[in-house]
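The values are calculated or read from the model by the stated rules, or taken from the named source; none is laboratory data. Model, not experiment: these values are computed from the prediction. Virtual Cβ from ideal backbone geometry, glycine too; neighbours counted across all protein chains shown. Note: areas computed on protein heavy atoms with side chains; ligands, DNA, RNA excluded. Shrake-Rupley method; radii C 1.70, N 1.55, O 1.52, S 1.80 Å.
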Amino acid sequence: MPHSPSSPMIYTLGLLLYVMVAFPGITSADDILVVFNVEEKLPVQKTNKNFLNVAIDTSQMMKNFSNIDIRDDKLVKLMKPLAPGYLRIGGNMASSLLFDPNVTITLYSDADYEMRKEFTMSATVWDDLNNLAKRSGLKILFDLNYLTRLDGDKWDPSNAEELIKYSAKRNYSLDWELGNEPNLYPKHFNYTPKPEQMAEDFSTCRNLLNSYPIYNTSLLVGPATTRPTTMTTPASKILSGFVKHGKDYVDAVTWHHYYFDGREANISHFMNPDVFNLLDTQITNSKEILKEAGAKKKSMWLGETSSAFGGGAPGLSNTFVATFIWLDKLGLAARQGIDLVIRQALFGGNYSLLDSDLNPLPDWWLSIIYKKLVGRRVAPCKIFAPAEVRLYCHCARKVFQGTKSVVLFGLNVKDSAENVKISEYAGDVWEYRLSAKYLTSKKMQLNDKTLSVTSDGILSRISPVKIKSNNLKIHGHSLVFWIIPMELASCSLE
């Protein structure tokens, strides 16, 4: 489903020629054209059943969840629409976390956080997190501390086993990570990891999990490096070396993706197609790394991701303008073969899905609508559109209005609307149009009605409007999901 070149002249001439030859019934080269492959069963991408997931940063435990009550019933109600999926517990401070079932957690200051001091997670906090996940229908993916080291630079698994043993006794259903952003250990922890040793340490962790019947089939994923911007960065070198030596010890290869530094970002970063395309380049780099390491078919996850690193961009990452880059990431990642993405973060920081009062922010609404509508399989289609309009095709999550369907979704960062034509289809389409009164609003509108949640967690009804296919229009500064009752051969594949 490639987008056309970004040059307006090339786009217009190319589309006009295609339309004139292939679709004589469509006469305007100003229209966006979507062409579905209806008949062929093409081997297009299929994501993990838990494609979209959420995270709580380990630093929230260090702060003893000072702004959020994780036993709050409203929090559970707001997490349920994100199920099924993972609740990842991880981040930089995972490399400072120790577990002791016999202590009460200490509240640390922000200064302690900057100094990366070790802290202890109590059994009470761990029990509360597992209860939160169970009540919400999510499964915890827990990031173990990699920086507990033995003489000879081997990983010391003794504290990890304390947690594993405790969890096994309570029958907690868990998957696991080991470490977080190892290429940044020299900066944050004055420690330089070696890929070969990392692979050996993951083997130790896998063997430890296998020794507990409840966890011998649990997933172990890693190495959770930062994004491979080029093939020669420290992140890429560690990712390459680890996969070469440790691919047999992980169930999925993970790396983290952010587009830019939140402390330097401005609103234009969130609306620039060239910024959106950075992810495409970095996925291509990661694929090449896996191919060279003999792991071409290994599952690949974005193990932590949002718009901007450094906690997000204040006043931007938690507003409507961030929905463009988030929806594009979901569409592009699925199309490019990423199996699973984990959104940073459910709460905390400037990129959270919920604010400190448990009010949903725009990316939360977008996430639950995506989960509701978009199926696992990418649908084969071609899209002819300007660079500022990004559209993606999937098989719909379920039968809609009694008919097998596809979902066409995307965004328009232009000021003006664009007409959209679907080749060889005429009929009804169900539209979910998302907008806001202004770009930095923390309120989202669905079909011009503001979405909201009551104090006890009751959500606005998420319902479409029915329109005719010849009236499709993607408005300026908006997002859209169109459910099209069209049965594609590819959508019948397992």
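Of the accessible area of segment 37-135, with the probe set at 1.4 angstrom, what percent is carbon plus sulfur? All intermediate terms of the calculation are to be shown ahead of the outcome.
On the way: 1930 of 4410 Å².
Whole-percent figure for carbon plus sulfur exposure: 44.
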Quiz item: If you roll a 1.4 Å probe over the heavy atoms of the protein chains, what accessible area per residue do you get for the chain, in Å²?
Solution: 41 Å²
Exercise. Starting at the first residue of segment 261-269, write each ³J(HN,Hα) from the Karplus equation 6.51 cos²θ - 1.76 cosθ + 1.60 with θ = phi - 60°, in whole Hz, x for Gly and Pro.
Key: 7, x, 6, 10, 6, 10, 4, 5, 4
Quiz item: Around Lys473, which amide H atoms from residues at least 5 apart in sequence, or from another chain, sit under 5 Å from its own amide H, with H modelled in the peptide plane?
Solution: Val420
Quiz item: So which GluC sites (Glu not before Pro) in segment 32-141 pass both tests, a DSSP loop state and at most 16 other Cβ atoms within 10 Å of the Cβ?
Solution: Glu39, Glu40, Glu118
Quiz prompt | Hz values of 3J(HN,Hα) by residue in segment 433-448 - Karplus curve (6.51, -1.76, 1.60), Gly and Pro given as x | solution = 9, 10, 8, 8, 5, 8, 5, 9, 6, 9, 10, 10, 10, 10, 6, 6
Quiz item: Which ³J(HN,Hα) values in Hz, rounded to whole numbers, follow from the phi angles of segment 81-86 under the Karplus curve 6.51 cos²θ - 1.76 cosθ + 1.60, where θ = phi - 60° and Gly and Pro get x?
Solution: x, 8, 8, x, x, 9
Exercise. Identify which of the listed values of percent of Cα pairs over 45 Å apart was calculated from the structure shown: (1) 8; (2) 13; (3) 17.
Key: (2)
Self-check item: Those trypsin sites (Lys or Arg not before Pro) in segment 258-358 that DSSP places in a loop and that have at most 12 other beta carbons within 10 Å
Solution: Lys296, Lys297
Quiz item: On the accessible surface of segment 418-494, probed at 1.4 Å, how many percent belong to carbon and sulfur atoms?
Solution: 45 percent
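If you place +1 on the Cβ of every Lys and Arg and -1 on the Cβ of every Asp and Glu, how big does the dipole about the Cα centre of segment 224-279 come out, in debye to the nearest 20? Before the final figure, lay out each step's value.
Numbers: 5 positive and 5 negative charges, 38 e Å.
Roughly 180 debye for segment 224-279.
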Exercise. For segment 175-285, give the magnitude of the charge dipole about the Cα centre (Cβ charges: +1 Lys/Arg, -1 Asp/Glu; no others), in debye to the nearest 20.
Key: 220 debye
Quiz item: Between Asp428 and Asp415, how many nm apart are label points set 7 Å from Cα along the C-beta direction?
Solution: 3.7 nm
Practice problem: May I ask for the equivalent-ellipsoid semi-axes of segment 278-349, computed as the square root of five times each C-alpha gyration tensor eigenvalue and listed largest first in whole Å? | Solution: 26, 12, 10
Exercise. Give the long-range amide H neighbours of Tyr86: residues separated by 5 or more places, or on another chain, with amide H under 5 Å away, using H modelled in the peptide plane at 1.01 Å from N.
Key: Val54, Lys139
Practice problem: Taking the dipole about the Cα centre of segment 336-494, with the C-beta of Lys and Arg at +1 and of Asp and Glu at -1, give me whichever of Gln401, Ser435, Ser356 is farthest to the positive side. | Solution: Gln401
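Select from segment 432-462 those trypsin sites (Lys or Arg not before Pro) which occupy a DSSP coil region and have at most 12 other Cβ atoms within 10 Å, ordered by residue number.
Working: sites: Arg433, Lys437, Lys442, Lys443, Lys449, Arg461; in loops: Lys437, Lys442, Lys443, Arg461.
Sparse-neighbourhood loop trypsin sites (Lys or Arg not before Pro): Lys437, Arg461.
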Quiz item: Which residues' amide hydrogens lie under 5 Å from the amide hydrogen of Ser478, considering only partners 5 or more residues apart or on another chain, with H built in the peptide plane?
Solution: Asn412
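Among the listed pairs Lys80/Lys371; Lys398/Lys443; Lys41/Lys382; Lys139/Lys237; Lys139/Lys165; Lys414/Lys437, which have their C-alpha atoms separated by more than 20 angstrom in this model?
Details: Lys80/Lys371 11 Å; Lys398/Lys443 28 Å; Lys41/Lys382 15 Å; Lys139/Lys237 31 Å; Lys139/Lys165 18 Å; Lys414/Lys437 15 Å.
Distance filter (> 20 Å) returns Lys398/Lys443; Lys139/Lys237.
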Quiz item: Taking the Cα-to-Cβ direction at Glu162 and at Lys398 and moving 7 Å from each Cα, how far apart do the two end points lie in nm?
Solution: 4.4 nm
Quiz item: Counting only protein heavy atoms, what percent of the accessible surface of segment 192-271 is carbon or sulfur at a 1.4 Å probe?
Solution: 51 percent
